Structures are given as structure tokens and as C-alpha cells.
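Just below is one structure, and these are the notes that go with it.
The values are calculated or read from the model by the stated rules, or taken from the named source; none is laboratory data. Values in this document were obtained by computation on a predicted structure and should not be read as measured data. Reconstructed Cβ throughout: ideal geometry from the backbone, glycine too, with neighbour counts over all protein chains shown. Just so you know, the surface numbers come from the protein's heavy atoms only, side chains and all, with ligands and any DNA or RNA stripped out. Shrake-Rupley method; radii C 1.70, N 1.55, O 1.52, S 1.80 Å.
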Amino acid sequence: MGEKMNTTVSNISDMIANGQEDIIESYVQTFSCKKTSDDGEEKSLNPDIERFIKMNAIQFAKMQTAITYFIFDNDDGALLGYYALTHKAMTISADGLSRQFKDKVKRFSALNGDTNTYTVSAYLIAQIGKNYGVDNGERISGSQLMNLAKQTLMKAKKYIGGKIVYLDCDDNASLTDFYESEGFKLVGERISDNDGRRYLQYMCFL
């Protein structure tokens, strides 16, 4: 993972319980998914990630729908990024899966012969993203951020079990290449009921 980071991971549910909702809001306002290129041009990399942290993170934490974790730089307290986790049932088509992969999935699900699909209970990485509002996102890498998310899920696994992690992403080469480099395997796609967008479904094992 490279040089060890001097960071702290904070569960915003704990911050809310400690009466720090105003502090959360102040950090949220520093978050940006707009990356500045060498020629000074700004490009919005993923508006959904910025929208979630600014519009949904606190509400979802209060409702226990998904829990957001802030990553802070211990040196100056800057918000470097965040991830939001929850658990959810997912359906995986058995078509195209290797025998070895199917054998792993079978341990946590049952095959529906009529649809040739597995339904599994899995951890969901609902959102994950760097804060480009701090040093253009260069203080933390995507791999470091993903590693922190997996560490949190490993703690959940210790107490309640579970092994499957999945996430949805846009059909974007930079995103898919990243997730595949982090050990995720493409297992299907879905069309959002909310906006009709097509998302790719990726899965890995803890």
C-alpha cells in the first residue's frame, strides 16, 4: 500500500451522537469531486459522490440506511475522502461465472434454477471517493481509500460474519480498471429504478 498514512477514520454516526452535526456539515462543504488539470481546467469526476455526501450522508446515517466514514489527515484535520457502507441482498447471474467463482458464491447463497441466479446477502460499498478539494486529491490514493473501507468491513465480518462485498459503478474505463485492480470481478449489470441509468455490478470476497 506504500507509505503508511497518518489518518483517522471517523464514523459519522458517532459524530452525530456526540452532537457534532454542525462539524460534519462544515467538513462536507469542503468536499469536491472537481479535479483541476495542469492547464487549470476543472473536471467533475463523479457528481454522485459529491451529491451523496452533501445531501444524503447525515440522513442515511440517522436512518441506519448506510453509514458514512470520513478519513481525516491527522496533521491538519483535512477531510481526505469518505466511504459509505451498508448491507444488501444482490442477485448474481450464474451465466459466465467460472466454476471456482460459483463454488465460492454457493457457500453464501442458493441457486434459483428457474432464473439461474444466486441471491446473496452482501456488504455494499455504496459510495467511495477522494476529496479533490484538498490538494487536488493527491494526499490519498484510491487504493488507500479502498483498503480503509475493506478494513472496516473486516471488522464487521469478525462480529457478524459475511464475506461478499459488492458495488455498482458507471461503465467507465478508469473506474472499471481501478475496481478490477482492487480484486473486484464484474458479475452483471442493472438498470436503476430511479433514473434508468445502467450500472455495472462488481463483487469481491473479503
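Here are some notes:
- Members of segment 35-47 that are surrounded by fewer than 15 Cβ atoms within 10 Å (Cβ to Cβ) and of a type in the set (D, E, K, R): 38, 39, 41, 42, 43
- All positions within segment 16-32 that are touching a residue at least 24 places away in the same chain (Cβ under 8 Å) and either surrounded by fewer than 16 Cβ atoms within 10 Å (Cβ to Cβ) or under 15 Å from residue 59 (Cβ atoms) (or both): 16, 21, 24, 25, 28, 29, 30
- Qualifying residue in segment 122-145 (condition: over 25 Å from residue 37 (Cβ atoms), touching a Ser or Thr at 6+ places or on another chain (Cβ under 9 Å), open to solvent by 60 Å² or more (accessible area, probe 1.4 Å) and not in a loop (DSSP other than H, G, I, E, B)): no
- Hey, residue 24 closer than 27 Å to residue 203 by Cα and part of a helix (DSSP H, G or I) or not: no
- Any hit, segment 80-95, residues being open to solvent by less than 80 Å² (accessible area, probe 1.4 Å), more than 25 Å from residue 205 (Cβ to Cβ) and assigned to a helix (DSSP H, G or I): no
- Hey, residue 161 more than 30 Å from residue 35 (Cα to Cα), out of contact with any His (no Cβ under 6 Å at 6 or more places or on another chain) and open to solvent by less than 40 Å² (accessible area, probe 1.4 Å) or not: yes
- Only one of the numbered conditions (1) of a type outside the set (Lys, Arg); (2) more than 14 Å from the chain's Cα centre (by Cα); (3) at pLDDT 95 or above is violated by residue 182, and that is (2).
- Residue match in segment 169-188 (condition: among the acidic types (Asp, Glu), in a strand (DSSP E or B), open to solvent by 80 Å² or more (accessible area, probe 1.4 Å) and on the phi < 0 side of the Ramachandran plot): no
- Tabulated pairs, segment 91-106, first farther than 14 Å from residue 163 by Cβ, second among the basic types (Lys, Arg) and open to solvent by 30 Å² or more (accessible area, probe 1.4 Å), C-beta under 8 angstrom, 6+ apart or interchain: 94/102
- Selection status of residue 123, among the hydroxyl-bearing types (Ser, Thr, Tyr) and either in contact with a Cys (Cβ under 7 Å, 6 or more places away or on another chain) or within 24 Å of residue 54 (Cα to Cα) (or both): yes
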